[in-house]
Each structure stands twice: as C-alpha cells, then as structure tokens.
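To keep things clear, I will list the structure first and then write my remarks on it.
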Amino acid sequence: MTSRAPAVPSSTRAVLELQVNGTRFGDVVVLLSNDDVLVPADALVKAGVVKLRSRRIRYQGIDYYSLRQSDPQLTFQVNEVDLVLDVGVPPSALASATLDLSVPPPPGVWYAEEPSAYLTYAPSLSDFSIFRAFAEAGVTAGPWRATSSGSYLLREHPVRLMSQVVYADRRHVRELVLGDSYVSTGPLGGSTLLGGFGIFRNFALDPYFVRVPRLGYRGSVMAPSTVDVYVNDVLVRRASLAPGEFDLRGVAPAAGAGNVRYVVRDPLSRQS
C-alpha cells in the first residue's frame, strides 16, 4: 500500500551512508520523521533488499520504505556522528540465488574421429621353453571401431579371442556391438562371453556425464560470503554468495562412501 505526500509533512532530509547487514552501499538521501526513517526503495533494491514487507510511501515523486513500519525482524540505527544508517534485515527479505556448482564441459571441446589403426603384441618366454604371444589389432573411422585379438602357444594352434565391430553413439552414451561381447549381470549374477548383436551403455563416451544424483545445499547468509565445498575433505569448488537465501546445486560426489562438507565464511571470517 502506498501513501501520498501528506504522510510525511514534518520530515527532514539527510544524507546518510547506507549500511545493510554490515555491508556499505554508498550515500543515500533519506527522510527522518520522528522515530522513523524513510529510505528510497531504489536504494534498498540496489542493496539486495527486494522482498521487504514494509509500508511504502510516495513523497515528491519518490517511493520510500518505512523502516519503522516494516518486518519485525528488521533493525535500524542512525549513527549521527559518522552519518551512517545501519540496517539489519532478515535473509527472507534479501534476494535469493541459485548456484550451479557442476563442472561443465570446457568450451570448444571436441572428440577426434580421424581414421586410425593400431597393432599391439606381447611375446613372452617362460623357462626358456614355453613361448606365448598375444596380439590385438584395431581400426577406427569416425564413430566406428573394429578390433580383433588372438593368442598363440608354441606347439598349439593360434586361438582367436574377441572380435567385434562397434558403433559409438556418443549422444545417447551407448555402443552398438556386433561380434563378441563380455556380459556381466553384476555382483549378484554371473558373467559370460557371448557372440551376436548387442546394445550396451558406455559412460566413458562422455567423461562429463554424472551417473549418480548430484548433491545440493540450501541456506542463507546476512552478508556477502564465500562457500567452500569439500568432497571427502578435498576442496572441489569455491563460490561467492550474495546476502540472502541461496541454493547450491550440481555437486558431484565421488563414487563409493564419502561425505560432502559446506563451509560458509562471512566478511568477519566467521564460518559455519
């Protein structure tokens, strides 16, 4: 609700330095009326006070907020010696922010798809009498890959091991395999070597893909602060927090058991 100019006929103009929750935001022209202080709405908005429950007064074309007739949790004090208006507002009156702490792919990332080929081999001799050899060859062209491996033992026939043709669907993080595939159903199941056609997930195609739910944290700060995110006691991210409520998202935990710790520090080096 907005009142008109006659609401403050006995007001006195004063130039005071506005200080909100310990942070100074420069000089503003306020109106001093009895035991109340009227602060320009634009000055409070620039200080981050965007959700203040207060009586709004319009005087000579300017909108003011009454500090006396506002949120019960709001406090204010006029320092007549230093000409400072010290205002303490609750976090609920300040702007809220959402910070995504995930690590995005670096700009300009690309994946090589030039044709290439390779051949690896590993001969061995045991007890100067037993000769073994292993070899693997492969060819890649774009998203296609063909590989084959085999082994050889002296006085025995060569043995073909695994041969397959693979199409890498990087967009959907999966591979289409034609040939031999090693299939496992997990710790509670079994595993075997199968031949044929199969579709398999391969999260290694996207190194920035997070397989587990990301963690988050919500809180509030009264003054500009910093937050340090520790995963298993290792600092992984540091971000700045504006006064008000905040919502941290996108923290990727490490695999397995562990802990995530958030340390918030204010300008006075107090931490929580």
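The values are calculated or read from the model by the stated rules, or taken from the named source; none is laboratory data. Everything quoted here is computed from the prediction, not taken from an experiment. A quick note on method: Cβ atoms are made from the backbone with ideal geometry, for glycine too, and the neighbour counts reach across all protein chains shown. For the accessible areas, the whole protein counts, side chains as well, though only heavy atoms, and no ligand, DNA or RNA atoms are used. Shrake-Rupley method; radii C 1.70, N 1.55, O 1.52, S 1.80 Å.
The candidate values are (1) 15.3; (2) 14.4; (3) 25.7; the one derived from this structure for mean projected area of the Cα convex hull in nm² carries the label (3).
In the chain, Cα pairs under 8 Å separated by at least six residues give a relative contact order of 13 percent.
Relative to the Cα centre, the charge distribution of region 1-111, modelled as +1 at Lys and Arg Cβ and -1 at Asp and Glu Cβ, gives a dipole magnitude of about 440 debye. A Förster distance of 22 Å, applied to the separation of the beta-carbon atoms of Ser102 and Arg170, puts the FRET efficiency at 0.70. Between Tyr230 and Arg261, the contour length at 0.36 nm per residue exceeds the Cα-Cα span by 10.7 nm. Heavy-atom surface analysis with a 1.4 Å probe gives region 156-272 a carbon and sulfur content of 56 percent of its accessible area. Relative intensity of region 142-241 on a log10 scale, I(q)/I(0) at q = 0.21 Å⁻¹, equals -1.15, per a Debye sum over C-alpha point scatterers of equal strength in the absence of solvent. Take the Cβ atoms of Ile62 and Arg238, set R0 to 35 Å, and the FRET efficiency comes out at 0.30.
Among Ser129, Leu241, Asn202, whose Cα projects farthest towards the positive end of the dipole of the chain, with charges put on the beta-carbon of Lys, Arg (+1) and Asp, Glu (-1)? Positive-most Cα among the choices belongs to Asn202.
Convex hull volume of the Cα atoms of region 1-114, normalised per residue: 157 Å³. Using the 1.4 Å probe convention, the accessible area of the chain works out to 64 Å² per residue with neighbouring protein chains retained.
The slack between Arg218 and Asp82, meaning 0.36 nm per residue of separation minus the straight C-alpha distance, is 45.3 nm.
Given R0 = 45 Å, the distance between the Cβ atoms of Glu156 and Arg270 translates into a calculated FRET efficiency of 0.05.
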